[in-house]
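Values quoted throughout were computed directly from the atomic coordinates according to the rules given, and no laboratory measurement underlies them. Not measured: the values here are computed from a predicted model. In this analysis, Cβ positions are derived from the backbone assuming ideal geometry, glycine residues included, and neighbour counts consider all displayed protein chains.
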Amino acid sequence: MKKVFVKSYGCQMNVYDAERMADALAAKGYVEARTAEDADLVILNTCHIREKAAEKVYSELGRLREMKKERATEGRQTQVVVAGCVAQAEGGEIVRRAPVVDLVVGPQSYHRLPELLAEASARPGVVDTEFPAEEKFDHLPAPAREKIRARGVSAFLTVQEGCDKFCTFCVVPYTRGAEVSRPVAKILAEAERLAGAGVREITVIGQNVNAYHGEGPDGRDWTLGMLLERLAEVPGLARLRYTTSHPRDMDETLIAAHRDLPALMPYLHLPVQAGSDAILAAMNRRHTGDEYRRIIDAVRKARPDIALSSDFIVGFPGESDADFEATMRLVADIGFASAYSFKYSPRPGTPAAEMEGQVPEPVKAERLARLQAALDEDRRAFNAATVGRTVDVLIERPGRHAGQLAGKSPYLQAVQLETEGLTVGDIVPVEIVGTAPNSLFGRLAAGPPEERASAA
Ligand code: 5AD
Ligand code: SF4
């Protein structure tokens, strides 16, 4: 019996892809190992979004080279695979720089993994970074029921891949290719299989998920809002989320879904990147700061309690002090419940990497610290405001200590509670009684949460 270990870096799409790779290999008799040391096949599922993410791959490959060498002296074989976006971006260069690698495989070829591995055993150094015409999802085997269950009550489901937006800082349109949406019927079948195995919450994912325009059962292109409405009818599914979105694609059907679908959780991750119109234009974001504010107003009108999240880049080429202040103003105006923020990292082959006015490192560091302090304060304030409220919590796993359970609030906050008689997958009203830096504490409430009580 061979063992595979998949190490994923980066976004949720990679988490989903890692599971699909494991499924493809399970069909060939591989079982999953918990560590690289325990595996015969190690797959690094890489991320290319920022320089640091890509560097990690090469340092990990250095470690694997030692491991592989040591094992070879014992007559034991190890196969090393680089998958994901670094594989797509660097291709054969990886094998030249790190001959320990047996196979380089891009995200569009995962369904070919078993045959590529066989090819690589005979002749190490195989590279497949094609964008084949066929739908890879049609060729990836479905996971077994027990496997779905073991992965938890909250699952990802890819509905869209690739991006046509070409923000000038971003490698995604090059590594993941053009936008492709899966047909509604295929997504529904996958959702039903997940729910049938006990999944309670699905996060539909895509690099630009709200640009979704897959073929519906009526032969017309459906929007993400329409898809969510249909998914909300899947028996057993209690919660829906989606990520990650572009402001330009927040259409009326999606905003209406936030108003009309109780299953659609009140949480929106909508990257804005910056607050200055000049920088937004240089980023090719195709919206201004005020347009973003108006979209948020419309979303809040549809779902007043929605928790907002975003991504920010500081130190984009040409960003002046005044530009950065516009970002700080936007943050103050909106009040985000959570956010991710990064220093601009030039990515080879993207337009921004060639732009004049690259911002010095210390300036980026200072801006990032200021931005993160503000975002942190808003996050704390948002969490503190939940104290005293009763919210529905999806129980996801046993907590850190005996008798403790860990789950998620509708606003994607981690919640710990101590109680008996509940099982993973239950959704229960919880009164929030306190906060810690990364989670909330609660106790089982006597009555339903306010929203549900008032809706009833
Ligand atoms: N430098 C810094 N951050 C980046 N992101 C994407 N590309 C870069 C880059 N070159 C950030 C954006 C995006 C998130 C996934 O990563 O904020 O929304
Ligand atoms: Fe990258 Fe922009 Fe596409 Fe997001 S919308 S994946 S940031 S190009």
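K56: which lysines have alpha carbons under 16 Å from its alpha carbon, excluding same-chain residues fewer than 8 sequence positions away?
Output for K56: K7.
Note down the magnitude of the dipole of the chain about its Cα centre, charges +1 on Lys and Arg C-beta and -1 on Asp and Glu C-beta and zero elsewhere, to the nearest 20 debye. Show your work: numbers first, answer last.
Values: 57 positive and 65 negative charges, 205 e Å.
It works out to roughly 980 debye.
For segment 392-456, state which trypsin sites (Lys or Arg not before Pro) are in a DSSP loop and have at most 14 other beta carbons lying within 10 Å of their beta carbon. Mind dumping the intermediate values first?
Values: sites: R400, K408, R443, R452; in loops: R400.
Taking segment 392-456 and a limit of 14 other Cβ atoms within 10 Å, the loop trypsin sites (Lys or Arg not before Pro) found are R400.
Give the shape of segment 1-153 as rounded, prolate or oblate, defined through the alpha-carbon gyration tensor: a ≥ b ≥ c are the square roots of its eigenvalues, a/c under 1.5 means rounded, and otherwise the shape is prolate if a/b is larger than b/c and oblate if not.
On the way: a/c = 1.39, a/b = 1.16, b/c = 1.20.
In terms of gyration-tensor shape, rounded.
Using a/c under 1.5 as the rounded threshold, could you call the chain rounded, prolate or oblate? The axes a ≥ b ≥ c are square roots of the C-alpha gyration tensor eigenvalues, and prolate needs a/b larger than b/c, oblate otherwise.
oblate
Could you pull out every one of the aspartates and glutamates with an alpha carbon less than 12 Å from that of K2, ignoring same-chain neighbours closer than 8 positions?
Here the aspartates and glutamates satisfying the reach criterion relative to K2 are E32, D38, D40.
Can you find, among F131, A39, L254, the residue farthest towards the positive end of the dipole of the chain? Put +1 on the C-beta of Lys and Arg, -1 on that of Asp and Glu.
The Cα lying farthest towards the positive end belongs to A39.
With the contact rule set at Cα under 8 Å and sequence spacing of 6 or more, what percent relative contact order holds for segment 319-430?
21 percent
So for the chain, taking the charge dipole from beta-carbon charges (+1 Lys/Arg, -1 Asp/Glu), which of L412, A446, T203 sits furthest toward the positive end?
Ranked along the dipole, the leading option is A446.
Using a cut-off of 20 Å between alpha-carbon atoms, which lysines can reach K364, once sequence neighbours fewer than 8 places away in the same chain are excluded?
Partners found: K52, K343.
Quick check: residue separation of D260 and V387 times 0.36 nm, minus the Cα distance between them. What number comes out in nm?
43.1 nm
Pull the list of the chain cysteines that no other Cys approaches to under 4.7 Å, Cβ to Cβ.
Singleton cysteines: C11, C47, C85, C163.
Once the piece of chain linking R220 and R329 is laid out straight, how much longer is it, given 0.36 nm per residue of separation minus the C-alpha distance between them?
Values: separation 109, 0.36 × 109 = 39.24 nm, distance 4.14 nm.
So the chain would gain 35.1 nm between R220 and R329.
Can you compute the modelled spin-label distance between D164 and E93, with each label point 7 Å from Cα toward Cβ, in nm?
2.8 nm
What does the charge count around G152 come to, taking other residues whose C-beta lies under 12 Å from its C-beta (Lys +1, Arg +1, Asp -1, Glu -1)?
Neighbourhood net charge equals +3.
Using helices alone, I'd like the mean residue ellipticity at 222 nm for the chain: each DSSP H run of four-plus residues gives -39500 (n - 2.57), total over residue count, nearest 500.
-11500 deg cm²/dmol
Once each part is reduced to its C-alpha centroid, what is the distance from segment 55-82 to segment 345-405 in angstrom?
The two parts, judged by their Cα centres, are 34 Å apart.
Using alpha-carbon pairs under 8 Å, 6+ residues apart, how would you state the relative contact order of the chain in percent?
Worked out over the chain, it gives 9 percent.
Would segment 127-271 count as rounded, prolate or oblate if I go by the C-alpha gyration tensor, calling it rounded below 1.5 in a/c and otherwise prolate when a/b exceeds b/c, oblate otherwise?
Oblate is the answer for segment 127-271, as a/c is 1.5 or above yet b/c matches or exceeds a/b.
Along the charge dipole of the chain, pointing to its positive end and built from +1/-1 on Cβ of Lys, Arg, Asp and Glu, which listed residue (L224, V105, F342) has its Cα farthest out?
Of the candidates, V105 comes out farthest on the positive side.
Working out 0.36 nm times the residue gap between T423 and D251, then minus their Cα-Cα distance, what length gain in nm do you get to one decimal?
58.2 nm is the gain from fully extending T423 to D251.
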